[in-house]
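Down below is the structure, laid out as structure tokens.
None of the figures in this text is laboratory data; all of them are computed from the coordinates on show. Note that the structure is predicted; figures quoted are calculated from it, not measured. Cβ coordinates were reconstructed from backbone atoms using ideal geometry, including for glycine residues, and neighbour counts include every protein chain displayed.
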């Protein structure tokens, strides 16, 4: 598990209960509601419960993306091993005022750079809806290639894949 990552402009730290007000704001932002879905988190208590579920799940890791100069949380990068996918799925979400400034690319690239050095991750997946053109462009810019369309809970998702090159041996 990767705890902390830094880039030129950003710091990525593991999600903690101290991020409750940020999570409350993020999961209620228009982009989150449209592309990820309403999580019905409408209070700090709801946000803390949501964070506890994430922290208690060994198949989920969230990093809070913070601007180093301001120490202000602006987004998240996630790594989730979903039951319906063969490999881990990388995801990201940012507050609207911090989109299209290169922060998503910079932070997700930093996480990918760490993951591709880990022999446990031979492939990294990215899933998004057909309507989320921003995510599609970012996944492609990060080097993930379109693999297939999948149907999950009556929703069609586009699945992208990145082979890390660190294939485990069959010894």
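Looking at the square roots a ≥ b ≥ c of the eigenvalues of the Cα gyration tensor of the chain, which shape do they give, rounded for a/c under 1.5, prolate if a/b is larger than b/c, or oblate? Present the calculation step by step, with values, prior to reporting the outcome.
Numbers: a/c = 1.43, a/b = 1.26, b/c = 1.14.
Rounded is the answer for the chain, as its axis ratio a/c remains below 1.5.
Between 0 and 90 degrees, rounded to the nearest ten: what's the tilt of helix 44-56 against the longest Cα principal axis of the chain?
Taking the Cα atoms of the chain, the angle to 44-56 is about 30 degrees.
For 161, 21, 107, what ranking results if the residue with the fewest other Cβ atoms within 10 Å of its Cβ goes first?
Listed from fewest to most nearby Cβ atoms, that is 21, 161, 107.
Take 76, 150 and order them by how many other Cβ atoms sit within 10 Å, fewest up front.
By the 10 Å Cβ count, ascending: 150, 76.
Rounded, prolate or oblate: which fits the range 67-154, taking a ≥ b ≥ c as square roots of the Cα gyration tensor eigenvalues, rounded meaning a/c under 1.5, else prolate when a/b beats b/c?
Values: a/c = 1.92, a/b = 1.34, b/c = 1.43.
It is oblate, given that a/c is not under 1.5 and a/b is not larger than b/c.
Based on the alpha-carbon gyration tensor of the range 103-156 and its eigenvalue square roots a ≥ b ≥ c, which shape applies: rounded if a/c is under 1.5, prolate if not and a/b is larger than b/c, or oblate?
Note, shape of the range 103-156 comes out oblate.
In what sequence do 27, 60 fall when counting other Cβ within 10 Å, fewest first?
Neighbour counts put them in this order, fewest first: 60, 27.
Add -39500 (n - 2.57) for each DSSP H run of 4 or more in the chain, then divide by its residues: what number comes out at 222 nm, to the nearest 500 deg cm²/dmol?
Only helices count here, giving -8500 deg cm²/dmol.
Please tell me the relative contact order of the range 4-121 in percent, rounded to the nearest whole number, where contacts are Cα pairs under 8 Å and at least six residues apart.
Computed over the range 4-121, the figure is 25 percent.
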